[in-house]
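Worksheet: the structure to be examined is printed underneath.
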Amino acid sequence: MSSLYLVVALAEVAIAVLLTVRLGLGPTTCDRIVALNALTTQAMLALLFFAAYADRTGYLDAALWPASFGYLGTIVWARYLERGLL
């Protein structure tokens, strides 16, 4: 079961690499914001599965930071786009 956690964590990292490409090549600002939000979610999931694989609880705190700030960052960017400030 432990090796399954490592495989899932590596799959999440592979998805994060694809999202990084979308972040750089996104045709619009909205595409880049969605890619950034998904990237932070994938990073959090990779950290959570690696924490389960390594049996370390310290990684759980590190996984909560990108998740919470990624969500808040998406809200801030959406607010700026809604008001036409960008």
(request) State which residue is nearest to residue 11 (Cα to Cα) when the search covers only region 67-86 and only residues that are touching a Leu at 6+ places or on another chain (Cβ under 8 Å) and free of Cβ contacts under 8 Å to residues at least 40 places away in the same chain. (result) 70
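For (1) among the charged types (D, E, K, R); (2) touching a Lys or Arg at 6+ places or on another chain (Cβ under 6 Å); (3) free of Cβ contacts under 8 Å to residues at least 60 places away in the same chain; (4) surrounded by fewer than 18 Cβ atoms within 10 Å (Cβ to Cβ), each residue gets a yes or a no:
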residue	(1), (2), (3), (4)
14	no, no, yes, yes
21	no, no, yes, yes
26	no, yes, yes, yes
30	no, no, yes, yes
38	no, no, yes, no
43	no, no, yes, no
48	no, no, yes, no
51	no, no, yes, no
56	yes, no, yes, yes
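FYI, it's all coordinate maths here, none of it is from the lab. Model, not experiment: these values are computed from the prediction. As a convention, Cβ positions derive from the backbone with ideal geometry for all residues, glycine included, and neighbour counts pool all protein chains shown.
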